[in-house]
Amino acid sequence: MLIAQLSDLHIRADGRPAYGIVDTAGMLAACVVQLQRLDPQPDAVLVTGDLADHGRPADYALLRELLAPLAMPLFLLPGNHDEREALRAAFPGPRFDHLSQESGFVQYAVDLGPLRLLALDTVVPQQGHGVLCAQRLDWLERRLAEDPRPAIVAMHHPPFATGIAHMDAIGLLQGAAELDAILRSHPQVERVLCGHLHRAIQARFGGTLASTCPSPAHQIALDLRAGAPDCFTLEPPGYQLHAWRGGRLVTHTVVLGDWPGPYRFCEDAPPAH
């Protein structure tokens, strides 16, 4: 089982670059091309929130067009930039039935052969921070109790502080301690996969590993100073590949773009293909 995780696409249909600089649609299109070239192909693509920049129907229509070349199942989560109803309306049909309403939240459980994917909705409408209320946490606990198979929990806001202060201020501000306790009581959770930070960051949490994913567009500046300004950079964009092999989930962070190589570790050998 091979899962590609994308996050923080920030697609906008108005033709203007995000923050006047970032061509998010063009960068996602390049990412889709690179995903199509992978051998082996991912069995599924998970997108952990901030799909659109403004949550408008036209943004999701463009997003659907950009993702259409991917033949594998797509599993989408909302982030703080998204609007639940517009997201659900834009992605009807058998490839997106998991977006059906779960008590008003975009939460769902999916069987992925040897794994289960449990998607959590951390969105607070019109706010940057995230919340896991009792209703959402109860749903997760019931899903974990009903099946002991190895599970991935996916959510937009990471449940741990990263040290990037302006992002931690709009992180998961409610429910992290309760989530920690639930995960500790269900050791089948292999990973908590998150977005929001536009960087690859890992931390122990709930007796397992929680991580965030880089963006195929812009990255949050790595600045750990107290009071650092909220800035982004045009570091190489990326995504992650999560490979389930031999009862273990192994994660690779992939840098997007065309780079020299691959070369053999031998001076006289021809280039590898």
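If you take the Cα centroid of segment 162-203 and the Cα centroid of segment 54-111, the two points sit 22 Å apart.
Averaging the sequence gap over all C-alpha pairs within less than 8 Å and six or more residues apart, then dividing by the number of residues, gives segment 2-255 a relative contact order of 19 percent.
Take the Cβ atoms of A228 and A71, set R0 to 51 Å, and the FRET efficiency comes out at 0.75. Available extension along the chain between V124 and S103 is 6.1 nm, counting 0.36 nm per residue and deducting the alpha carbon span.
Our summary of shape: the Cα atoms of segment 113-202 have principal axis extents of 37, 27, 20 Å, ordered from largest down, in whole angstrom.
If the chain linking D138 and L209 were pulled fully straight, counting 0.36 nm for each residue of separation and taking away their Cα-Cα distance, it would gain 23.5 nm. For segment 92-120, the residues whose amide N sits under 16 Å from a probe point set 7 Å from the Cα of M1 along the beta carbon direction are 108-120. Just how far, in whole angstrom, is segment 113-138 from segment 208-273 if you go by their alpha carbon centroids? About 25 Å separates the Cα centre of segment 208-273 from the one of segment 113-138. A simple charge model with +1 on the Cβ of Lys and Arg, -1 on the Cβ of Asp and Glu and nothing else charged puts the dipole of segment 2-255 at about 460 debye relative to its Cα centre.
Every number here is computed from the coordinates shown, using simple stated rules; none is lab data. Everything quoted here is computed from the prediction, not taken from an experiment. So basically every Cβ, Gly included, is an ideal-geometry build from the backbone, and we count neighbours across all protein chains shown.
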